[in-house]
Amino acid sequence: MDNYSLMIGPIFDEYVKPVVRLKVLGSGKYQPIKAVGTGFTFGAGIFITCWHCVAEPLDADEVYAVPIRQEGEDAVGVAILTDLARDDNGSDLALAQAGIELRYGFHLAGEAAGWEEDVVACGYPLPVNTIDPEARTTLIQTQARVLRGYVMSEVMDDLHSRQPSRVYELDMPAPRWSSGSPLFRREPFEIVGVVLGESSKTIGDEDEPFTYALAHHLDVLANAQSSLATGGMTLRDYLDSKRA
């Protein structure tokens, strides 16, 4: 999709989803437990999020899933994340199958974002895990948000992956649960990375730390692979095979 055919509404309606942990009650019924982050699909079945969002082990009757629109404008169902696994390369990315097949999908950029380039992230940060006042069950309230900033730098990060991994440093907020949000360049509108989270540094003897966002570099995303979710192919090769 280009920046003319892809609007904010369709992004959140179809492609970018809050990732939630659910308890399976049977007969297609689920009880929400908590929101854990953001994720997205390219419209080719594959679903991407950050590994740290879904790394917590599940009980036998629990699943990770995303809400999807069913028949009827207000009807909402769930798509279970199956074959969910960490990137075989050890990055803090997770790949899964979600069964979300859409006619048009996001484009994975051919070139990484450069220094000073404007970028935009779409996600579901700051969900509210509360209680339904009538049913007295867990209720997850989410709000779609657009985050905007620019690339400050490109560095190697050795904290979040099994081995040093390339990340963007962004002058952009990345509040909790925005992890897993797709990072776009604005023109052409295409994915250049995945929001990882926030970092901060204290400069000299200043009391207030400087806070900024980190995002997985395009190379890390494009080369992410899973023997389960992509059949061992890199994400770029997997997407190419689906569009061939």
**Asked** Within the chain, what's the longest stretch lacking chymotrypsin sites (Phe, Trp or Tyr not before Pro) that sit in DSSP loops with no more than 14 other Cβ atoms inside 10 Å?
**Response** 116-244
**Item:** Among Ile80, Val36, Leu239 the positive-end extreme of the charge dipole of the chain (Cβ point charges)
**Value:** Ile80
**Request:** For the chain, just the Cα set please: Rg and Dmax, both in angstrom.
**Result:** 17.7, 59
**Prompt:** Order of Met156, Met172 from fewest to most other C-beta atoms within 10 Å?
**Reply:** Met156, Met172
**Asked** Among Ala109, Pro173, Val16, whose Cα lies farthest out toward the positive end of the dipole of the chain, if unit charges sit on the beta carbon of Lys, Arg (+1) and Asp, Glu (-1)?
**Response** Val16
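How many Lys pairs in the chain lie less than 24 angstrom apart by Cα atoms, where the lysines are 8 or more positions apart or on different chains? Could you put the intermediate results ahead of the total?
Working: Lys17/Lys29; Lys17/Lys34; Lys17/Lys242; Lys23/Lys34.
Pairs that pass both the separation and distance tests number 4.
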**Prompt:** Going by how many other beta carbons lie within 10 Å of each one, how would you line up Ser200, Ser153, Ser181, fewest first?
**Reply:** Ser200, Ser153, Ser181
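Any read-out appearing in this document is the output of simple, stated calculations on the displayed coordinates, not a laboratory observation. The model shown is predicted, which means the values in this text are computed figures rather than measured ones. Positions of Cβ are backbone-derived with ideal geometry, glycine not excepted, and every protein chain shown enters the neighbour counts.
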